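Remarks on the structure that follows.
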């Protein structure tokens with residue numbers, strides 16, 4: 001009897017022992033969590049659980065043990081840089097706003113995350129809204145502000161709901177409002193909902209939108225830290241930047257600045273998407289190589305396909321080729337490679353991705369999101385789109401590449417805001433690293449990746465065809481002729497090149513060329 | 001609710017830690033369904049409902065059922081973390097309501113983790 005219980009126990013032990021430890025699974029083991037410290041371990045709608053994990057302790061410290069100038073000094077010394085894209089020194093921003101005169105001062109959190117494939121900010125708010133609230137309150141204390149806004153896009157209903165709930169809880173506990181934690185500090189935060197215009201993530205457009213004006217960028221004659229929202233001193237930081245603040249204040253600037261590279265400290269959250277085995281939200285030390293991120297944490301490319309490029313920084317970023325995979329990820333290195341850190345979207349592309357098509361996609365995106373104020377951005381992106389469409393249809397001319405380059409430089413020079421000045425980046429970076437692919441399209445009228453519909457044809461390889469008829473049954477356009485025990489034939493003038501036959505044929509009997 | 005003082009913060013932290021704590025006396029298991037937008041899109045709500053249904057039948061005192069934001073591995077959602085007293089938390093991936101019921105039966109009630117749905121056990125690197 002006793003023996004049988006023993007053996008059951010041992011069996012159970014053996015069973016649990018074979019489950020790998022989280023740290024030995026690269027997806028989790030290679031990550032270091034600061035901004036995402038509470039992901040998966042607290043209920044985002046319970047302020048008590050946040051408090052149980054050191055929540056609001058940094059604010060308590062900031063109100064009792066530190067002077068506002070000390071908070072600014074800590075952030076300065078931590079070398080925290082803005083996580084929204086530009087990488088501006090957060091401490092310098094805070095110091096400038098703290099010094100500026102004018103009442104009231106404002107703290108704005110930019111949660112207008114709009115890059116395709118990026119969802120870091122949404123995830124932080126959904127998992128740990130109080131970390132952002134606490135970071136904003138600390139900023140308020142540091143610069144002498146009493147009002148904060150979170151500018152969040154309407155497309156994030158759950159994040160907005162969770163944030164709204166968190167704000168109510170914080171108010172109920174007196175962690176927002178008058179005399180927070182028995183101090184002389186009063187601060188409250190309000191949600192401003194964006195209507196989903198990409199350009200409203202740009203600082204001056206975002207401010208205009210909060211003010212109730214059309215969300216268009218304006219020239220930056222003044223620093224926003226001196227004349228920002230309603231011409232008052234304003235600090236605008238991204239969600240992830242604010243989420244980093246409480247741990248820095250609690251554990252000290254040196255703790256934070258000991259991590260990362262010389263000019264990029266701490267960690268960065270990335271959303272790893274595209275042709276990658278482990279799609280996911282990751283936080284890694286600054287300086288981790290792209291190769292480690294993609295092949296270790298991300299688990300490489302699915303279906304044994306070859307890696308082609310990784311796109312970082314959203315529509316403002318660029319495509320980085322395989323030869324640069326050992327580059328360490330920080331603000332400077334990514335810029336050198338013709339891309340940028342951006343907010344942290346990372347789109348992995350495999351051999352089946354056409355780089356002309358990728359460039360076209362991003363230009364199309366910026367073209368439809370351009371606010372139209374600057375002719376260079378509005379019509380420049382239109383012209384670029386025309387050229388790229390022409391190339392992908394096999395109607396490209398030899399001089400198109402030079403024209404694209406000239407246009408890119410003109411748009412960069414003449415546009416007012418970041419959307420315009422960075423929109424040519426996807427074109428410039430693909431031209432820089434994948435020029436031969438453009439030339440294939442233009443000179444040989446071929447799309448090497450087999451993506452551009454006008455340049456490919458699908459045919460049946462007779463030697464591989466098993467006469468099963470699967471392609472015939474699946475063709476939505478009735479463009480395939482087949483009878484039992486006969487080889488299928490694709491009628492080219494009816495074929496819409498959807499590629500379904502290519503996907504469903506298990507015998508590699510459909511050729512895409 | 002009156003505004004908190006710093007002392008109150010510490011008290012809330014202590015009380016919450018205790019109430020969320022699993023122990024030998026019970027509750028002995030904590031189930032966390034990861035319910036970010038991504039998880040819900042992949043079916044986490046149905047998984048949650050399925051745990052709730054089973055908990056209607058079995059002894060609720062023994063189990064804390066809660067939820068959190070996204071656990072990070074989007075490609076394998078819905079994800080669930082099960083932590084039993086004295087054991088490291090175990091992360092399950094690609095959970096369906098059916099698997100959730102099985103987890104309740106085998107892992108939560110009998111202590112036999114369902115290895116085929118588990119990615120790993122342990123804690124993340126929080127610095």
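Only the coordinates and a few stated rules stand behind these numbers; no lab work does. Given the structure is predicted, the values throughout are model-derived calculations rather than measurements. Cβ coordinates were reconstructed from backbone atoms using ideal geometry, including for glycine residues, and neighbour counts include every protein chain displayed.
The Rg/Rh ratio for chain A, using Cα coordinates for both the radius of gyration and the Kirkwood hydrodynamic radius, is 1.05.
If I take R0 = 25 Å and measure r between the Cβ atoms of residue A:445 and residue A:361 in this structure, what FRET efficiency does the formula 1/(1 + (r/R0)^6) give, to the nearest 0.05? List each step's numbers first, then the result.
On the way: r = 21 Å, r/R0 = 0.83.
Plugging the Cβ-Cβ distance into 1/(1 + (r/R0)^6) gives 0.75.
Averaged over the residues of B:10-19, the number of partner chain Cβ atoms lying within 10 Å of the residue Cβ comes to 5. Packing, as the average of other Cβ atoms within 10 Å across residues, places the peptides A:341-354, A:107-120 in the order A:107-120, A:341-354, highest first.
Which number do you get for Rg(Cα) / (2.2 N^0.38 Å) in the stretch A:26-257?
Numbers: Rg = 16.3 Å, N = 232, 2.2 N^0.38 = 17.4 Å.
For the stretch A:26-257, the normalised Cα radius of gyration comes out at 0.93.
One decimal place: the segment residue A:191-residue A:477 gains 98.1 nm when fully extended, by the rule 0.36 nm per residue minus the C-alpha distance. In the elastic network of chain B, a GNM with C-alpha springs shorter than 10 Å, the most mobile of B:44, B:24, B:71 is B:24. Taking only the Cα atoms of chain B, the radius of gyration and Dmax are 15.6, 49 Å. By the count of neighbouring beta-carbon atoms within 10 Å, fewest first, A:125, A:189, A:19 end up ordered A:19, A:189, A:125. Scaling the Cα radius of gyration of the stretch A:194-239 by the globular reference 2.2 N^0.38 Å produces a ratio of 1.05. Remark: mean inter-chain Cβ contacts per residue of A:35-48 equal 6, using a 10 Å Cβ-Cβ cutoff to other protein chain atoms.
Kindly put A:513, A:251 in sequence by how many other C-beta atoms sit within 10 Å of each C-beta, fewest to most. Don't jump to the answer; show the numbers that get you there.
Details: A:513 10, A:251 16.
Going from least to most buried by this count: A:513, A:251.
By the Cα gyration tensor, the stretch A:355-443 has an equivalent ellipsoid whose semi-axes, rounded to whole angstrom, run 21, 12, 11 from largest to smallest. Panel note: the C-alpha atoms of the stretch A:267-350, placed on their principal axes, show extents of 33, 22, 22 Å (largest first).
Going from the fewest other Cβ atoms within 10 Å to the most, the residues A:190, A:198 appear in the order A:190, A:198. To the nearest ten degrees, helix A:355-369 and the longest principal axis of the Cα atoms of chain A are 50 degrees apart.
At 222 nm, what value in deg cm²/dmol follows for chain A if DSSP H runs of at least 4 each add -39500 (n - 2.57) and the sum is divided by all its residues, to the nearest 500? Write down the numbers at each step before the final one.
Values: 21 runs with 207 residues, N = 513.
Using -39500 (n - 2.57) per qualifying helix, the result is -12000 deg cm²/dmol.
Most simply put, chain A has about 50% antiparallel DSSP beta bridges, counting only bridges with both residues inside it.
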